[in-house]
Amino acid sequence: MEQYAIKGGNPLVGEVEIGGAKNAALPILAASVMTDETVYIDNIPDVRDTQVLLKAMENIGVFVKHEGRHKVIVNGAQVHNLVVEDEYIRKIRASYYLIGALLGKYKSAEVALPGGCDIGCRAIDQHIKGFRALGAEVVIEHGLIKTRAEHLVGSHIYMDVVSVGATINVMMAATLAEGLTIIENAAKEPHVVDLANFLNSMGANIKGAGTDVIRIRGVARLHGTDYTIIPDQIEAGTFMFAAALTKGDVVVKNVIPKHLESISAKLLEIGCEVKEQDDCVRVVASKPLRHTHVKTLPYPGFPTDMQPQITVALGLSKGTSIVIESIFENRFKYVDELIKMGANIKVEGGDTAIIQGVERYTGASIAAPDLRAGAALVMAGLAAEGFTVMDDIHYIARGYEDFHQKLQALGAQIELVNSERELQHFKLKVG
Ligand code: UD1
């Protein structure tokens with residue numbers, strides 16, 4: 001079983017290159033089947049979630065050709081199966097993006113519902129409401145979400161909650177509907193905008209992405225395109241906080257600083273220097289970290305996907321901090337692991353963490369409970385005194401490409417080990 005072995009204490013110093021955004025790549029890959037023409041997509045992160053989605057696409061007849069590690073050529077002309085029930089697809093949340101894409105193009109789709117409830121129950125009522133508003137029938141049977149329509153007709157849809165997934169799914173289906181769709185209370189995340197730009201480059205007519213009202217004028221068909229995915233805001237934010245936690249000095253390259261504003265603002269508040277240039281951000285942490293308060297919110301608020309990383313940093317700050325999670329119900333599970341490392345954190349009502357900063361963390365045997373918390377706990381291990389051994393690291397590979405290799409290049413003492421012997425070898429090597 002693979003584990004991470006970590007010896008904490010080294011400040012991270014150097015440069016790290018950020019990859020393409022996972023949460024943009026997933027809907028863009030799904031949307032690439034919406035034309036019969038060939039689509040070229042560049043800057044796809046080579047992570048488990050994109051690999052699983054591409055496999056599922058191949059299984060329904062989509063032609064997929066990899067050109068190097070980050071570029072794929074996709075052709076959806078030969079889709080022969082509108083039932084997506086791949087053995088792995090339930091493991092990734094974004095499997096449901098194939099519903100919007102296939103429903104839009106073929107007016108029919110059956111996709112296995114994503115399983116797991118790792119960070120709180122993740123409803124899909126707003127997706128269903130949107131599809132129905134466009135004229136589709138939707139039922140959930142035998143673990144599949146099944147949708148079908150004679151015609152999809154544009155509609156005025158008010159989202160009851162701000163949902164990235166529902167905004168994206170409805171935007172895809174509406175792209176090939178008849179007439180105008182207006183999505184109110186839409187999500188404004190950079191990946192929503194990236195998908196709209198991608199669809200527009202294929203001939204769609206989408207306006208307002210990035211604001212809370214998106215207008216989609218349906219078109220009869222889409223054509224091929226050549227598109228490059230935006231950089232990953234969360235991967236960038238994770239390395240920015242890794243610099244803060246280890247008292248390091250890291251240049252995070254290939255980013256869009258505008259997408260990182262809420263993250264940079266919090267780093268400044270806790271006493272780090274943040275220097276922005278055109279496409280990179282440098283984080284220097286030379287002073288002790290200060291406490292602050294934060295509430296996760298839809299974009300442009302502080303992202304829920306950065307909540308574990310900031311909590312881990314505040315655990316080492318001076319004073320008392322409060323972190324409120326307002327997006328997902330169950331996103332503090334990792335705090336139990338952090339407490340094993342000496343953190344003083346109390347979670348109240350499931351959504352509020354009260355953090356009393358401590359001087360240091362100490363290495364421990366811990367497990368990654370989900371993707372982002374897994375990355376945050378690695379960072380805690382890098383800041384801790386002594387050795388940390390981490391289980392369930394497969395979660396991290398879902399969304400971070402070469403995570404430990406990028407950390408190693410910044411001077412971190414971290415290795416992927418496969419046995420007790422390799423673990424002992426690591427301990428001997430790093431002392
Ligand atoms: C996406 C991201 C995830 C991120 C989240 C919030 C992807 C693949 N995943 O997830 O990394 O943490 O956005 O930024 O892009 N909700 C409903 N009904 C619905 C849909 C959602 O009540 O039909 C609720 C959810 O339970 C949650 C909130 O809305 O409380 C936000 O969820 P949503 O934005 O849909 O998250 P995802 O798209 O699943």
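The values are calculated or read from the model by the stated rules, or taken from the named source; none is laboratory data. Just so it is clear, the structure is predicted and the values come from calculations on it, not from any experiment. Here the Cβ positions follow ideal geometry from the backbone for every residue, glycine too, while neighbour counts run over all protein chains shown.
Pull up region 115-140, narrow it to residues that are farther than 16 Å from residue 168 by Cα and at pLDDT below 90, then point me to the one that is surrounded by the most Cβ atoms within 10 Å (Cβ to Cβ).
To start, the set of residues in region 115-140 that are farther than 16 Å from residue 168 by Cα comprises 115-121, 135-140.
Subsequent filtering for residues that are at pLDDT below 90 retains 115-121.
Details: 115: 13, 116: 11, 117: 11, 118: 16, 119: 25, 120: 17, 121: 8.
Of everything passing the filter in region 115-140, 119 is surrounded by the most Cβ atoms within 10 Å (Cβ to Cβ).
Counting just the residues of region 161-205 that are within 20 Å of residue 258 (Cβ to Cβ) and in contact with a Ser or Thr (Cβ under 8 Å, 6 or more places away or on another chain), which one comes out surrounded by the fewest Cβ atoms within 10 Å (Cβ to Cβ)?
Top of the filtered list is 188.
Conditions tested, residue by residue: (1) more than 16 Å from the ligand (Cβ to nearest atom); (2) touching a residue at least 40 places away in the same chain (Cβ under 8 Å).
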position: 183; (1), (2): no, yes
position: 188; (1), (2): no, yes
position: 194; (1), (2): no, yes
position: 204; (1), (2): yes, no
position: 215; (1), (2): yes, no
position: 218; (1), (2): yes, yes
position: 221; (1), (2): yes, yes
position: 224; (1), (2): yes, yes
position: 229; (1), (2): no, yes
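I'd like the full set of residues that are under 22 Å from residue 385 (Cα atoms) and surrounded by 19 or more Cβ atoms within 10 Å (Cβ to Cβ), limited to region 244-275.
Once the filter is applied, which keeps residues that are under 22 Å from residue 385 (Cα atoms) and surrounded by 19 or more Cβ atoms within 10 Å (Cβ to Cβ), region 244-275 yields 244, 245, 246, 247, 248, 250, 270, 272.
Which fully enclosed helices (runs of 4 or more DSSP H) of region 35-138 have 3 or more residues being touching a Lys or Arg at 6+ places or on another chain (Cβ under 8 Å)? If you could, list the steps in order and put the result at the bottom.
Numbers: elements: 48-59, 97-106, 125-133.
So the answer is 48-59.
Considering every residue within region 133-144, establish whether at least one is closer than 23 Å to residue 90 by Cβ, within 13 Å of the ligand (Cβ to nearest atom), not charged (D, E, K, R) and not assigned by TED's automatic domain parsing to the domain that holds residue 302. Quick ask: steps written out before the conclusion?
Narrowing region 133-144 to residues closer than 23 Å to residue 90 by Cβ: 136-144.
Add one more test, that the residue is within 13 Å of the ligand (Cβ to nearest atom), and what stays is 138, 140.
Then drop every residue that is not not charged (D, E, K, R), which leaves 138, 140.
In the following step, the residues that additionally are not assigned by TED's automatic domain parsing to the domain that holds residue 302 were identified as 138, 140.
Yes: region 133-144 contains one or more residues that are closer than 23 Å to residue 90 by Cβ, within 13 Å of the ligand (Cβ to nearest atom), not charged (D, E, K, R) and not assigned by TED's automatic domain parsing to the domain that holds residue 302.
What's the number of the condition residue 376 fails, among (1) under 25 Å from residue 253 (Cβ atoms); (2) surrounded by fewer than 18 Cβ atoms within 10 Å (Cβ to Cβ)?
(2)
Which residues, counting only those in region 257-308, are assigned to a loop (DSSP other than H, G, I, E, B) and more than 24 Å from residue 408 (Cα to Cα)?
First, the residues of region 257-308 that are assigned to a loop (DSSP other than H, G, I, E, B): 270-272, 277-279, 285-289, 291-292, 297-301, 303.
Those that are assigned to a loop (DSSP other than H, G, I, E, B) and more than 24 Å from residue 408 (Cα to Cα): 270, 271, 277, 278, 291, 292, 297, 298, 299, 300, 301, 303.
Would you mind finding the one in 326, 317 that is among the polar types (S, T, N, Q), modelled with pLDDT of 95 or more and closer than 17 Å to residue 245 by Cα?
On the way: 326 fails: closer than 17 Å to residue 245 by Cα.
The conditions single out 317.
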